Amino acid sequence: MKKKKGQMVVSNVIFIVLNLLFLSILTLFIYKQGNGAIVLEQSYAKNIALLIDSAKPITEMKLNMKDAFKLAEKNGISREEIVTINENLITVKLTENSGYDYSFFNNVDVTVYPDLISENNYIIQINGYK
Amino acid sequence: MIKLQNKRGGEEILAMYWFAIILIIAGGIYLMIYYFYGTPYDIRDLESRILMNQIADCVSYGGKINSSLVLGGIFSVNQENFLDTCHLNFNSSEWDVEQFYTEVNFYELDNLENSSFMIKKGNEDWEANCEIQEGEDYEKLAQCAEKSFYSVDETNNQYIIKILTVVRKSEKNVKL
(Lines give C-alpha, C1' and ligand atoms only; values in the text may rest on other atoms or scores of the structure.)
Protein backbone atom coordinates (compact mmCIF):
# COMPACT_ATOMS: atom_id res chain seq x y z
CA MET A 1 0.00 0.00 0.00
CA LYS A 2 2.83 2.36 1.01
CA LYS A 3 4.70 1.47 -2.17
CA LYS A 4 1.61 2.34 -4.27
CA LYS A 5 1.24 5.75 -2.60
CA GLY A 6 4.94 6.49 -3.20
CA GLN A 7 4.58 5.57 -6.86
CA MET A 8 1.60 7.95 -7.22
CA VAL A 9 3.57 10.87 -5.72
CA VAL A 10 6.52 10.21 -8.05
CA SER A 11 4.29 10.02 -11.14
CA ASN A 12 2.52 13.26 -10.11
CA VAL A 13 5.83 15.04 -9.61
CA ILE A 14 7.07 13.82 -13.01
CA PHE A 15 3.80 14.98 -14.58
CA ILE A 16 4.11 18.47 -13.02
CA VAL A 17 7.80 18.76 -13.95
CA LEU A 18 7.04 17.77 -17.56
CA ASN A 19 4.20 20.29 -17.70
CA LEU A 20 6.46 23.05 -16.37
CA LEU A 21 9.15 22.07 -18.87
CA PHE A 22 6.59 22.17 -21.68
CA LEU A 23 5.34 25.62 -20.61
CA SER A 24 8.85 27.07 -20.29
CA ILE A 25 9.88 25.75 -23.72
CA LEU A 26 6.70 27.27 -25.16
CA THR A 27 7.34 30.65 -23.47
CA LEU A 28 10.95 30.64 -24.71
CA PHE A 29 9.76 29.80 -28.23
CA ILE A 30 7.23 32.68 -28.21
CA TYR A 31 9.85 35.12 -26.79
CA LYS A 32 12.45 34.05 -29.37
CA GLN A 33 9.98 34.42 -32.23
CA GLY A 34 8.99 37.95 -31.11
CA ASN A 35 12.61 39.05 -30.74
CA GLY A 36 13.94 37.21 -33.78
CA ALA A 37 16.11 38.93 -36.38
CA ILE A 38 13.52 38.60 -39.16
CA VAL A 39 10.77 40.33 -37.17
CA LEU A 40 13.06 43.08 -35.80
CA GLU A 41 14.71 43.80 -39.17
CA GLN A 42 11.33 44.26 -40.82
CA SER A 43 9.95 46.35 -37.99
CA TYR A 44 12.94 48.74 -37.86
CA ALA A 45 13.22 49.07 -41.67
CA LYS A 46 9.54 49.99 -41.99
CA ASN A 47 9.72 52.34 -38.99
CA ILE A 48 12.69 54.19 -40.49
CA ALA A 49 11.00 54.39 -43.92
CA LEU A 50 7.89 55.97 -42.36
CA LEU A 51 10.02 58.43 -40.36
CA ILE A 52 11.93 59.52 -43.47
CA ASP A 53 8.76 59.76 -45.58
CA SER A 54 7.10 62.11 -43.12
CA ALA A 55 10.19 64.23 -42.40
CA LYS A 56 11.09 67.70 -43.70
CA PRO A 57 14.67 68.79 -44.47
CA ILE A 58 17.04 69.76 -41.64
CA THR A 59 15.58 67.29 -39.19
CA GLU A 60 17.38 65.01 -36.80
CA MET A 61 15.53 62.00 -35.41
CA LYS A 62 16.64 59.57 -32.74
CA LEU A 63 15.31 56.02 -32.86
CA ASN A 64 15.68 53.68 -29.90
CA MET A 65 17.18 50.45 -31.26
CA LYS A 66 18.17 48.73 -28.02
CA ASP A 67 16.80 45.32 -29.07
CA ALA A 68 18.51 45.52 -32.46
CA PHE A 69 21.87 46.45 -30.88
CA LYS A 70 21.63 43.52 -28.49
CA LEU A 71 20.90 41.03 -31.26
CA ALA A 72 23.47 42.48 -33.67
CA GLU A 73 26.19 42.35 -31.00
CA LYS A 74 25.34 38.70 -30.37
CA ASN A 75 25.66 37.97 -34.09
CA GLY A 76 28.90 39.92 -34.60
CA ILE A 77 27.41 42.80 -36.61
CA SER A 78 28.86 46.23 -35.83
CA ARG A 79 26.48 49.12 -35.01
CA GLU A 80 27.45 51.04 -38.16
CA GLU A 81 26.42 48.06 -40.33
CA ILE A 82 22.92 47.70 -38.86
CA VAL A 83 21.19 50.43 -40.89
CA THR A 84 22.38 51.43 -44.36
CA ILE A 85 20.74 53.63 -46.97
CA ASN A 86 21.43 53.25 -50.66
CA GLU A 87 19.58 55.81 -52.85
CA ASN A 88 16.04 55.47 -51.43
CA LEU A 89 16.39 51.94 -50.08
CA ILE A 90 16.84 51.23 -46.38
CA THR A 91 18.52 47.98 -45.31
CA VAL A 92 18.43 46.71 -41.75
CA LYS A 93 20.81 43.82 -41.04
CA LEU A 94 21.03 42.01 -37.71
CA THR A 95 22.69 38.72 -38.69
CA GLU A 96 25.31 37.72 -41.27
CA ASN A 97 22.79 35.83 -43.41
CA SER A 98 19.76 38.10 -43.22
CA GLY A 99 18.69 41.67 -43.98
CA TYR A 100 15.47 43.50 -44.83
CA ASP A 101 15.02 46.23 -47.48
CA TYR A 102 12.26 48.81 -47.69
CA SER A 103 12.07 51.88 -49.90
CA PHE A 104 10.90 55.42 -49.14
CA PHE A 105 9.38 57.98 -51.55
CA ASN A 106 10.55 61.25 -49.95
CA ASN A 107 13.37 62.47 -52.23
CA VAL A 108 15.72 63.57 -49.47
CA ASP A 109 19.39 63.20 -48.65
CA VAL A 110 19.61 61.08 -45.49
CA THR A 111 22.50 60.17 -43.20
CA VAL A 112 22.18 57.42 -40.59
CA TYR A 113 24.63 56.58 -37.83
CA PRO A 114 24.61 55.19 -34.28
CA ASP A 115 24.35 57.78 -31.51
CA LEU A 116 27.62 58.02 -29.57
CA ILE A 117 26.09 59.82 -26.58
CA SER A 118 23.01 57.73 -25.91
CA GLU A 119 24.03 54.12 -26.46
CA ASN A 120 20.59 52.83 -27.43
CA ASN A 121 19.79 55.27 -30.22
CA TYR A 122 20.37 55.50 -33.95
CA ILE A 123 20.38 58.97 -35.52
CA ILE A 124 18.51 59.65 -38.75
CA GLN A 125 19.49 62.99 -40.21
CA ILE A 126 17.55 64.60 -43.06
CA ASN A 127 20.04 66.96 -44.69
CA GLY A 128 17.93 68.42 -47.50
CA TYR A 129 16.08 67.66 -50.74
CA LYS A 130 18.04 65.95 -53.52
CA MET B 1 -5.29 -9.65 -10.47
CA ILE B 2 -7.47 -8.96 -13.51
CA LYS B 3 -8.69 -5.71 -11.88
CA LEU B 4 -5.09 -4.52 -11.28
CA GLN B 5 -4.16 -5.20 -14.91
CA ASN B 6 -7.22 -3.19 -16.09
CA LYS B 7 -6.20 -0.29 -13.88
CA ARG B 8 -2.67 -0.25 -15.29
CA GLY B 9 -4.07 -0.30 -18.83
CA GLY B 10 -6.36 2.59 -17.93
CA GLU B 11 -3.43 4.64 -16.63
CA GLU B 12 -1.47 4.02 -19.83
CA ILE B 13 -4.42 5.16 -21.95
CA LEU B 14 -4.76 8.28 -19.75
CA ALA B 15 -1.03 9.05 -20.14
CA MET B 16 -1.29 8.70 -23.91
CA TYR B 17 -4.40 10.89 -23.86
CA TRP B 18 -2.46 13.62 -21.96
CA PHE B 19 0.46 13.27 -24.35
CA ALA B 20 -1.90 13.72 -27.32
CA ILE B 21 -3.53 16.78 -25.71
CA ILE B 22 -0.12 18.38 -25.08
CA LEU B 23 0.94 17.70 -28.68
CA ILE B 24 -2.29 19.24 -30.02
CA ILE B 25 -1.87 22.34 -27.81
CA ALA B 26 1.81 22.72 -28.79
CA GLY B 27 0.94 22.31 -32.48
CA GLY B 28 -1.87 24.87 -32.22
CA ILE B 29 0.33 27.42 -30.45
CA TYR B 30 3.16 26.84 -32.96
CA LEU B 31 0.75 27.42 -35.87
CA MET B 32 -0.65 30.58 -34.28
CA ILE B 33 2.82 32.00 -33.59
CA TYR B 34 4.04 31.04 -37.06
CA TYR B 35 1.02 32.74 -38.67
CA PHE B 36 1.24 35.82 -36.39
CA TYR B 37 4.96 36.50 -36.84
CA GLY B 38 5.00 35.23 -40.43
CA THR B 39 2.52 37.91 -41.50
CA PRO B 40 4.35 41.12 -42.44
CA TYR B 41 3.49 44.46 -40.82
CA ASP B 42 1.16 46.28 -43.21
CA ILE B 43 2.17 49.95 -43.27
CA ARG B 44 0.68 50.83 -46.67
CA ASP B 45 -2.26 52.70 -45.18
CA LEU B 46 0.17 54.95 -43.26
CA GLU B 47 2.40 55.31 -46.32
CA SER B 48 -0.49 56.39 -48.55
CA ARG B 49 -1.64 58.93 -45.93
CA ILE B 50 1.87 60.35 -45.52
CA LEU B 51 2.22 60.59 -49.31
CA MET B 52 -1.16 62.34 -49.49
CA ASN B 53 -0.09 64.88 -46.83
CA GLN B 54 3.26 65.52 -48.55
CA ILE B 55 1.46 66.18 -51.85
CA ALA B 56 -1.14 68.39 -50.12
CA ASP B 57 1.67 70.47 -48.53
CA CYS B 58 3.34 70.76 -51.92
CA VAL B 59 0.18 71.73 -53.84
CA SER B 60 -1.14 74.16 -51.26
CA TYR B 61 0.55 75.47 -48.12
CA GLY B 62 -1.27 77.62 -45.55
CA GLY B 63 -4.39 77.75 -47.72
CA LYS B 64 -2.56 79.21 -50.75
CA ILE B 65 -1.91 77.19 -53.90
CA ASN B 66 1.76 76.76 -54.82
CA SER B 67 2.48 79.55 -57.34
CA SER B 68 4.59 77.22 -59.45
CA LEU B 69 1.43 75.16 -60.12
CA VAL B 70 -1.26 77.81 -60.68
CA LEU B 71 -0.56 81.44 -61.48
CA GLY B 72 -3.35 83.96 -62.15
CA GLY B 73 -5.91 81.23 -62.74
CA ILE B 74 -3.68 79.50 -65.30
CA PHE B 75 -2.24 76.07 -64.58
CA SER B 76 1.45 76.29 -65.26
CA VAL B 77 2.58 72.97 -63.78
CA ASN B 78 4.65 70.70 -65.94
CA GLN B 79 3.29 67.15 -65.50
CA GLU B 80 6.75 65.71 -66.09
CA ASN B 81 8.32 67.73 -63.29
CA PHE B 82 5.53 67.32 -60.74
CA LEU B 83 7.36 64.66 -58.70
CA ASP B 84 10.55 66.76 -58.70
CA THR B 85 8.58 69.86 -57.69
CA CYS B 86 7.11 67.95 -54.75
CA HIS B 87 10.42 66.19 -53.94
CA LEU B 88 9.07 62.70 -54.51
CA ASN B 89 10.73 59.63 -55.96
CA PHE B 90 8.47 56.74 -57.02
CA ASN B 91 11.29 54.60 -58.45
CA SER B 92 13.24 52.10 -56.40
CA SER B 93 15.71 49.33 -57.10
CA GLU B 94 13.53 47.18 -54.83
CA TRP B 95 10.76 46.91 -57.47
CA ASP B 96 10.64 46.32 -61.21
CA VAL B 97 7.57 48.52 -61.65
CA GLU B 98 6.50 51.66 -59.79
CA GLN B 99 4.50 50.84 -56.67
CA PHE B 100 2.87 54.28 -56.26
CA TYR B 101 0.19 56.26 -58.04
CA THR B 102 -1.19 59.71 -57.37
CA GLU B 103 -3.87 61.86 -58.93
CA VAL B 104 -4.50 65.53 -58.09
CA ASN B 105 -7.67 67.20 -59.37
CA PHE B 106 -8.42 70.93 -59.22
CA TYR B 107 -12.14 71.85 -59.27
CA GLU B 108 -13.45 75.40 -59.61
CA LEU B 109 -16.21 76.17 -57.10
CA ASP B 110 -18.86 76.76 -59.79
CA ASN B 111 -18.10 73.44 -61.51
CA LEU B 112 -17.47 70.62 -59.06
CA GLU B 113 -18.38 67.94 -61.60
CA ASN B 114 -15.50 68.42 -64.01
CA SER B 115 -11.97 69.07 -62.91
CA SER B 116 -10.25 72.13 -64.39
CA PHE B 117 -6.90 70.47 -64.21
CA MET B 118 -5.56 67.03 -63.39
CA ILE B 119 -2.11 65.74 -62.50
CA LYS B 120 -1.43 61.97 -62.75
CA LYS B 121 1.84 60.39 -61.75
CA GLY B 122 3.01 56.85 -61.07
CA ASN B 123 1.66 53.51 -62.17
CA GLU B 124 -1.96 53.93 -63.37
CA ASP B 125 -2.58 50.16 -63.10
CA TRP B 126 -3.07 50.44 -59.34
CA GLU B 127 -5.89 53.00 -59.56
CA ALA B 128 -8.47 50.29 -60.35
CA ASN B 129 -7.72 48.67 -56.96
CA CYS B 130 -9.31 51.64 -55.17
CA GLU B 131 -12.77 50.61 -56.37
CA ILE B 132 -12.49 47.26 -54.59
CA GLN B 133 -12.02 48.18 -50.95
CA GLU B 134 -13.78 45.22 -49.37
CA GLY B 135 -13.90 41.43 -49.59
CA GLU B 136 -11.45 38.65 -48.83
CA ASP B 137 -8.68 39.74 -51.18
CA TYR B 138 -8.96 43.45 -50.41
CA GLU B 139 -5.83 43.45 -48.24
CA LYS B 140 -3.77 41.95 -51.05
CA LEU B 141 -4.62 44.85 -53.35
CA ALA B 142 -3.06 48.31 -53.39
CA GLN B 143 -4.14 50.62 -50.55
CA CYS B 144 -5.69 53.99 -51.34
CA ALA B 145 -6.15 57.26 -49.49
CA GLU B 146 -8.18 60.24 -50.62
CA LYS B 147 -8.88 63.73 -49.35
CA SER B 148 -10.16 67.04 -50.63
CA PHE B 149 -9.66 70.56 -49.34
CA TYR B 150 -10.29 74.20 -50.22
CA SER B 151 -7.56 76.54 -51.42
CA VAL B 152 -7.08 79.84 -53.28
CA ASP B 153 -4.45 80.98 -55.75
CA GLU B 154 -2.57 84.31 -55.69
CA THR B 155 -5.41 86.13 -57.51
CA ASN B 156 -8.00 84.68 -55.12
CA ASN B 157 -9.48 82.15 -57.56
CA GLN B 158 -11.04 79.46 -55.39
CA TYR B 159 -10.54 75.73 -55.88
CA ILE B 160 -11.42 72.41 -54.31
CA ILE B 161 -8.39 70.15 -54.60
CA LYS B 162 -8.87 66.37 -54.50
CA ILE B 163 -5.86 64.14 -53.92
CA LEU B 164 -5.80 60.38 -54.41
CA THR B 165 -2.76 58.33 -53.43
CA VAL B 166 -2.22 54.62 -53.99
CA VAL B 167 0.51 52.40 -52.55
CA ARG B 168 0.88 48.77 -53.65
CA LYS B 169 3.98 47.02 -52.24
CA SER B 170 1.75 43.99 -51.47
CA GLU B 171 4.60 41.45 -51.44
CA LYS B 172 6.27 43.28 -48.54
CA ASN B 173 3.14 44.05 -46.54
CA VAL B 174 0.75 41.12 -46.90
CA LYS B 175 1.11 37.36 -46.86
CA LEU B 176 0.18 36.49 -50.45
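Got a sec? Which of A:91, A:111 is more than 21 Å from residue B:171 (Cβ to Cβ) and either surrounded by fewer than 19 Cβ atoms within 10 Å (Cβ to Cβ) or at the interface with chain B (Cβ under 10 Å from one of its Cβ atoms) (or both)?
Sole residue among the options that is more than 21 Å from residue B:171 (Cβ to Cβ) and either surrounded by fewer than 19 Cβ atoms within 10 Å (Cβ to Cβ) or at the interface with chain B (Cβ under 10 Å from one of its Cβ atoms) (or both): A:111.
Are there helices (runs of 4 or more DSSP H) fully within segment A:30-115 with at least 3 residues that are within 12 Å of the chain's Cα centre (by Cα)? List them. Even if it seems obvious, please write down each step before you answer.
Values: elements: A:37-53, A:66-74, A:79-82.
Per the criteria, A:37-53, A:66-74.
Return yes when residue B:71 is surrounded by fewer than 19 Cβ atoms within 10 Å (Cβ to Cβ), more than 11 Å from chain A (Cβ to nearest Cβ) and under 25 Å from residue A:100 (Cβ atoms) and no when it is not.
On the way: surrounded by fewer than 19 Cβ atoms within 10 Å (Cβ to Cβ): yes; more than 11 Å from chain A (Cβ to nearest Cβ): yes; under 25 Å from residue A:100 (Cβ atoms): no.
No; evaluated as a whole, the condition is false for this residue.
Across segment B:1-34, what is the number of residues that are of a type in the set (Ser, Thr, Tyr) and at pLDDT 85 or above?
1
Looking at segment B:76-91 only, could you name the residues that are at pLDDT 80 or above and either buried (at least 16 other Cβ atoms within 10 Å of the Cβ) or within 14 Å of another protein chain (Cβ to nearest Cβ) (or both)?
Here is the first cut: in segment B:76-91, the residues at pLDDT 80 or above are B:80-91.
Answer for segment B:76-91, where residues must be at pLDDT 80 or above and either buried (at least 16 other Cβ atoms within 10 Å of the Cβ) or within 14 Å of another protein chain (Cβ to nearest Cβ) (or both): B:81, B:82, B:83, B:84, B:85, B:86, B:87, B:88, B:89, B:90, B:91.
Mind telling me which of the residues B:94, B:127, B:136 ends up being within 13 Å of chain A (Cβ to nearest Cβ) and either of a type outside the set (A, V, I, L, M, F, W, C) or in a loop (DSSP other than H, G, I, E, B) (or both)?
Numbers: B:127 fails: within 13 Å of chain A (Cβ to nearest Cβ); B:136 fails: within 13 Å of chain A (Cβ to nearest Cβ).
From the options B:94, B:127, B:136, the qualifying one is B:94.
Confirm whether residue B:132 is aliphatic (A, V, I, L, M), loosely packed, with under 14 Cβ neighbours inside 10 Å and in contact with a helix residue (DSSP H, G or I) (Cβ under 7 Å, 6 or more places away or on another chain). Steps first, please.
On the way: aliphatic (A, V, I, L, M): yes; loosely packed, with under 14 Cβ neighbours inside 10 Å: yes; in contact with a helix residue (DSSP H, G or I) (Cβ under 7 Å, 6 or more places away or on another chain): yes.
When the stated conditions are applied, residue B:132 passes them.
The values are calculated or read from the model by the stated rules, or taken from the named source; none is laboratory data. None of the values given here were measured: they were computed from a predicted structure. With ideal geometry, Cβ positions are generated from the backbone for all residues, glycine too; neighbour counts draw on all protein chains shown.
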